[in-house]
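Notes for the one structure printed next.
The values are calculated or read from the model by the stated rules, or taken from the named source; none is laboratory data. Every value quoted in this text rests on a predicted model; they were computed, and no experiment measured them. No Cβ is skipped: glycine too gets one built from the backbone with ideal geometry, and neighbour counts run over all protein chains shown. All accessible areas refer to the heavy atoms of the entire protein, side chains included, with ligands and DNA or RNA removed. Shrake-Rupley method; radii C 1.70, N 1.55, O 1.52, S 1.80 Å.
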Amino acid sequence: MYTRPGEDLRGQAREDAIIEAAQALNDLDIDLLKLEYPGSPEGCRRLASILDRPSAVLSAGVPFDQFTDIIRIAADEGGASGFIAGRSVWREVVSLVGQQLEEFLTSVALPRLERLVEVAALRARPWTEVTRPAPAGQQDRLG
């Protein structure tokens, strides 16, 4: 979420904004929603109650160890079907070059990505197990 000048999107206000954005996106003909973690297990349950399509949780640049927990919560409580990670995996790479870059990618970033895949494989569920049923007429398109 990006704030407008003078806007404070922390805590409950941020969670509410993510839920509101997810609802608006859910109403469009989109195959997969890429959503930020709303900040709590309850926020994830709120997401699951309004979605009728699959979602993946974005890393949004949070530290790697925190993102593994976010994937667990988003999958367990909100039915996330997967994740999309960037900076949580390779954040440190921007200052590296040559051999240091290659070493980081193979010894740090790759194991991080493998760990996230492992967590998702254990926790993520088919979106239809958690989200609300699609409105009549959309079942064929979504199923």
If you go through segment 70-96, how many residues are of a type in the set (Val, Ile, Thr), at pLDDT 95 or above and more than 12 Å from residue 59 (Cβ to Cβ)?
1
Please state which one of 88, 59, 81, 55 is of a type outside the set (D, E, K, R) and out of contact with any strand residue (DSSP E or B) (no Cβ under 9 Å at 6 or more places or on another chain).
88
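Residue check: is residue 20 assigned to a helix (DSSP H, G or I), over 14 Å from residue 124 (Cα atoms) and open to solvent by 70 Å² or more (accessible area, probe 1.4 Å)? Break it down into steps so the answer makes sense when it comes.
On the way: assigned to a helix (DSSP H, G or I): yes; over 14 Å from residue 124 (Cα atoms): yes; open to solvent by 70 Å² or more (accessible area, probe 1.4 Å): yes.
Criteria met by residue 20.
So that you can scan it fast, the table gives a plain yes or no per residue for (1) under 16 Å from the mean Cα position of the chain (by Cα); (2) among the basic types (Lys, Arg); (3) under 13 Å from residue 19 (Cα atoms):
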position	(1), (2), (3)
42	yes, no, yes
54	yes, no, no
81	yes, no, no
96	no, no, no
100	no, no, no
104	no, no, no
Quick check on my filter: what residues within segment 82-106 are surrounded by 15 or more Cβ atoms within 10 Å (Cβ to Cβ) and touching a Lys or Arg at 6+ places or on another chain (Cβ under 6 Å)?
89
Result of the Cβ filter at 8 Å on segment 98-123, keeping first residues that are free of Cβ contacts under 8 Å to residues at least 12 places away in the same chain and partners that are among the aromatic types (Phe, Trp, Tyr) and part of a helix (DSSP H, G or I), at least 6 apart or interchain, is none
Answer yes or no as to whether residue 75 is in a loop (DSSP other than H, G, I, E, B), under 11 Å from the mean Cα position of the chain (by Cα) and at negative phi.
no
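Can you find a residue in segment 86-101 that is closer than 25 Å to residue 125 by Cα and touching a helix residue (DSSP H, G or I) at 6+ places or on another chain (Cβ under 7 Å)? Can you show your working first?
First, pick out the residues of segment 86-101 that are closer than 25 Å to residue 125 by Cα: 86-89.
Adding the requirement that they be touching a helix residue (DSSP H, G or I) at 6+ places or on another chain (Cβ under 7 Å) leaves 88-89.
For segment 86-101, residues closer than 25 Å to residue 125 by Cα and touching a helix residue (DSSP H, G or I) at 6+ places or on another chain (Cβ under 7 Å): present.
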Every residue in segment 37-65 that is hydrophobic (A, V, I, L, M, F, W, C), part of a strand (DSSP E or B) and either in contact with a Ser or Thr (Cβ under 7 Å, 6 or more places away or on another chain) or open to solvent by 40 Å² or more (accessible area, probe 1.4 Å) (or both), please.
56, 58
